[in-house]
Amino acid sequence: MSELDDFRAEVAAWLEANRPPEPDFLLPETFMEVGTDRQFEYLRDWQRKVYEAGYLGMAWPKAYGGGGQPQVMQDIVNAEMARLKVPFVPNTIGLNWAGPLILAIGTEAEKQKYIPGILSAEDIWCQGFSEPDNGSDLAAATTRAVRDGDDWILNGSKIWTSLGTYAKYMILLARTNPDAENRYAGLSYFLAPMDVPGVDVQPIRKLTGEYGFTQTFFTDARIPGDCLMGREGEGWQIAMQTLTFERSVAGGQAGGLSMNAVGVQDVLELARRVKRDGRPAIEDPIIRDELVKFLIEEQGDRLCGARARHPALISERPGAIAMSGKLRGTEHKRRLLQFAITLQGANGARWVGDERAERGGLWQRSYFNAFSATIGGGTSQVQANIVGERVLGLPKD
């Protein structure tokens, strides 16, 4: 066996031996559904355990608490966590968006201050980009940040601030100059503390009955001047760089699972179990045809990830795979879960807690939750526009 094969076996053995016991409560599927203290503490304890074992942030610099190892080792850990379906690590925004951004453009003081707590889950992060009246139009942000001596005073609100009730920090886009020549130039970017007076976080109940999403209100909230990232007026450029990490266009994420995703193999098992006309659904040729299409699509997306690592294979359209990844992945999952529900026939109408529901209603819950990923980080419609304009060269109008 090669050194990497040995490492993969080591990781698999550790995960099998240290997998946390199944809780007596419903676990969330992603960080966007963490709505109870029991869920949060269970998942944070798991992240801390993975980090302390050396399997999180493996490619981040040692100086800030990372492992200083080649990225391929973290890739192996991520793959084994997905294969063995262990719980996800909850600090998604810190590990995958804020952390890579700070490492890329942050000051030495910011790296020393923020990175260790992101990895250990001591410091949870949330995102303050979207606003209730502006949807995906981030440049229309109206939340104000006004300089007052050495501090900034915040007023306004942000929505879909997932994990906001548990977060210590927020990556925040706010308007510092309402009189700027264009709306982009008037925005600034902050690494804002959440534990200051004037910050009020209100949970939002979702269609599934769960929480996780929140709305955050700022009322004369005072934050230190050094919370400003970069220079005043650079917020739009920094926010766009953040989105390259959020949408996996750029690498540098700390690793670990960010969700407990169901895949085509899970739907295959469902098709073997449920009945159609008194026989297993998988024996229906139409069902089999649809399953094969999903398998091809899933394998194609997996191979796209490998292809993107070889410049010679993507020279014709270098950004196509990266820019389309979020759109492809989230829409594939939504359609797959919709298909899983149709497989169940009338049972597809059952919900969580119904003893006759397949896997306790997991499929129905997963389907409704899938829409959060098609909205967060840029809606599917916005993502399609990005591909059309930046990959295919289509005009904006």
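DSSP beta bridges fully contained in region 140-248 are about 95 percent antiparallel. In the chain, the DSSP beta bridges split such that about 85 percent are antiparallel, to the nearest 5.
For the pair Arg309 and Asn385, a Förster radius of 22 Å applied to the C-beta separation gives a FRET efficiency near 0.25, rounded to the nearest 0.05.
Approximating the spin labels as points 7 Å out from Cα along Cα→Cβ, the Asp179-to-Asp195 distance works out to 3.8 nm. Close amide-amide hydrogen proximity is noted between Gly233 and Ser188, Tyr189, each under 5 Å apart and 5 or more residues distant or on a separate chain (H modeled in the peptide plane; Pro and chain starts excluded). The distance from the alpha carbon centre of region 45-91 to that of region 149-165 is 30 Å, rounded to a whole number. The residues neighbouring Leu243, those whose beta-carbon lies less than 13 Å from its own, together hold a net charge of +2 under the Lys/Arg +1, Asp/Glu -1 convention.
Which residues make up the longest stretch of the chain clear of chymotrypsin sites (Phe, Trp or Tyr not before Pro) that lie in a DSSP loop with no more than 14 other Cβ atoms within 10 Å, not counting the sites?
Working: sites that count: Phe25, Trp351.
After excluding every exposed loop site, the longest remaining stretch is 26-350.
Among Met240, Met32, Met229, the largest mean-square fluctuation in a Gaussian network model of the chain, built with springs joining Cα atoms closer than 10 Å, belongs to Met240. A straight line joining the Cα centroids of region 310-367 and region 223-272 runs 18 Å. Straight-line cross-link partners of Lys158 among the aspartates and glutamates, defined as a Cα under 12 Å from its Cα and at least 8 positions apart when in the same chain: Glu131, Asp133, Asp200. Divided by 2.2 N^0.38 Å, where N counts the residues, the Cα radius of gyration of region 264-391 comes to 1.24. Taking 27 Å as the limit for the C-alpha separation, the pairs Lys293/Lys326; Lys206/Lys396; Lys62/Lys333; Lys168/Lys396 exceed it in the case of Lys206/Lys396; Lys62/Lys333; Lys168/Lys396.
Among complete DSSP H helices in the chain, those whose alpha-carbon atoms stretch at least 27 Å along the helix's long axis and whose mean Kyte-Doolittle hydropathy reaches -0.5 are 285-307, 320-343. Each Lys or Arg adds one and each Asp or Glu takes one away; over the other residues whose Cβ falls under 12 Å from the Cβ of Asn385, this sums to 0. Evaluating 6.51 cos²θ - 1.76 cosθ + 1.60 at θ = phi - 60° for every residue in region 207-222, the Karplus couplings come out as 4, 6, x, 8, 10, x, 5, 9, 10, 10, 10, 10, 10, 6, 7, 9 Hz, glycine and proline recorded as x. Over all other residues within a Cβ to Cβ distance under 12 Å of Thr143, the charged ones net out to +1, with Lys and Arg as +1 and Asp and Glu as -1.
Each reported figure results from applying straightforward, stated rules to the coordinates on display, with no laboratory input. Because the structure is a prediction, the values reported are computed rather than measured. As a convention, Cβ positions derive from the backbone with ideal geometry for all residues, glycine included, and neighbour counts pool all protein chains shown.
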